[in-house]
Structure formats: structure tokens, C-alpha cells
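Colleague: The structure under discussion is supplied below as C-alpha cells; questions concerning it will follow.
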Amino acid sequence: MTEAEPNGYPSPSPVTFPRGGSERPVVARTRIEQLGQRPDLLPTVAAWIYKEWWSGIAEETLESHTGKLGAHLTHDRIPVTLVASLEHRPVGTVTLLDHDVGTEQWPERSPWLAALYVVPAYRQRGIGAVLVNAAAAKATALGVGTLYLATTGREEFYARLGWEITDRADELVVMSKHTGYGVR
């Protein structure tokens, strides 16, 4: 069993992957917190998500997106956003939503892992995997048995974390993961 941090999430272990015959540390000490525990990070997280996915949509503004993300300052229900920090610096985020944009054709599937983002300078260090696993753990704590996500081109990353392809629509790939909730 993994030792838990004060926030209830497992303490991340240093992760290593072979690279060119040698191993290098990928995650030194990533701390995961709910955005509701760190509302001071709301503008930072909103800016990341807005810039990555919403800046090209005319009716969306950073201000409107920040307002929408304000609904994620929760502790015990979805929507919830998690933030990864490394050495007290925010480096990534992930969100659990009832329904993600572009998933309207699967209304019976819920909730969805969405908006996985890692600051470019911190990518390829295992932080994305830590965030995905923390989101799955949070979903389990909220009583979710199956979690879904939609991706374009990142199926291999999620498959390595135990996700399975459940559907396809054009370039969009839907994946799911059983969280273990309700399994004895």
C-alpha cells in the first residue's frame, strides 16, 4: 500500500523509464491537490486550459472560461479539477466532468477525464501519468465505477495507464477505465 499525503492522494513514487540504456528519474515529488484547496491557482489553470483548447473559439474568452472553472472549486463532487505541483510550482492539471465537449453522442457515459495539461517544460517526466492516476483515484473516492475520456492521437499513453478503447468516431477515440469502485 502506498503512503498517503495529507490531501488523501497516494504519495507519488519516483518513476523511472529506460531511455537509451540508462534510467533517469521522471517524477521527483509531484504533489496533487484539488483546485478547491488552491483557489489562488484558478487564474493559472484557467489560462492553461483556455490557451490549449478554447482560445480559437469566438464566443469563449479567458474571463468566461475562468468563471466556468470556478464551479470546479469543489471537494466532494464532479466537476473537480486537480493540480499537480512540483517543488511548490504548478505544473499541470486534469479535470473530471459529467460530460466532455464532443462526447454528446454518448450521453449515458459519465463521468469524463478531461483537460489533461502539463506545462511544456515539464512534459515527458511522468507528471501526466500521475495526474491521470490521481483523477482515477478521485473518481473512485466519489463512487465512480467507470471513467471515460476522449482523445485524438494519445491512445498509447492512456493504454499504458490501463485504459481501454471503447469507441471511435472519426478521429476521436473514446477510452474507459474501471476504477475498482464496487469491486470486492
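The values are calculated or read from the model by the stated rules, or taken from the named source; none is laboratory data. Everything numeric here is computed off the predicted structure, so don't read it as measured data. Cβ coordinates were reconstructed from backbone atoms using ideal geometry, including for glycine residues, and neighbour counts include every protein chain displayed.
Colleague: Collect the residues in segment 161-182 that are of a type in the set (D, E, K, R) and in contact (Cβ under 8 Å) with a residue 24 or more places away in the chain, keeping them in residue-number order. Walk me through it before giving the result.
Modeller: Keep residues of segment 161-182 that are of a type in the set (D, E, K, R), which gives 164, 167-168, 170-171, 177.
Within segment 161-182, ASP167, LYS177 qualify.
Colleague: Pick out, from segment 67-119, the strands (runs of 3 or more DSSP E) lying fully within it that include 1 or more residues that are loosely packed, with under 12 Cβ neighbours inside 10 Å.
Modeller: On the way: elements: 80-86, 89-97, 112-118.
Because the criterion is at least 1 residues that are loosely packed, with under 12 Cβ neighbours inside 10 Å, the strands (runs of 3 or more DSSP E) in segment 67-119 that meet it are 89-97.
Colleague: How many residues does segment 120-146 contain that are charged (D, E, K, R), buried (at least 19 other Cβ atoms within 10 Å of the Cβ) and under 20 Å from GLU156 (Cα atoms)?
Modeller: Qualifying residue count, segment 120-146: 1.
Colleague: Among the candidates THR95, THR61, THR66, single out the residue that is polar (S, T, N, Q) and either modelled with pLDDT of 95 or more or closer than 21 Å to GLY143 by Cα (or both). Before the answer, list the steps.
Modeller: On the way: THR61 fails: either modelled with pLDDT of 95 or more or closer than 21 Å to GLY143 by Cα (or both); THR66 fails: either modelled with pLDDT of 95 or more or closer than 21 Å to GLY143 by Cα (or both).
Being polar (S, T, N, Q) and either modelled with pLDDT of 95 or more or closer than 21 Å to GLY143 by Cα (or both) holds for just one of THR95, THR61, THR66, which is THR95.
Colleague: Of everything in segment 147-175 that's closer than 16 Å to GLY102 by Cα and among the small types (Gly, Ala, Ser), which residue is surrounded by the fewest Cβ atoms within 10 Å (Cβ to Cβ)?
Modeller: Among them, the one singled out is GLY153.
Colleague: Tell me which of these ASP100 doesn't satisfy, since it passes every other one: (1) acidic (Asp, Glu); (2) over 20 Å from TRP54 (Cβ atoms); (3) modelled with pLDDT under 95; (4) touching a strand residue (DSSP E or B) at 6+ places or on another chain (Cβ under 8 Å).
Modeller: (2)
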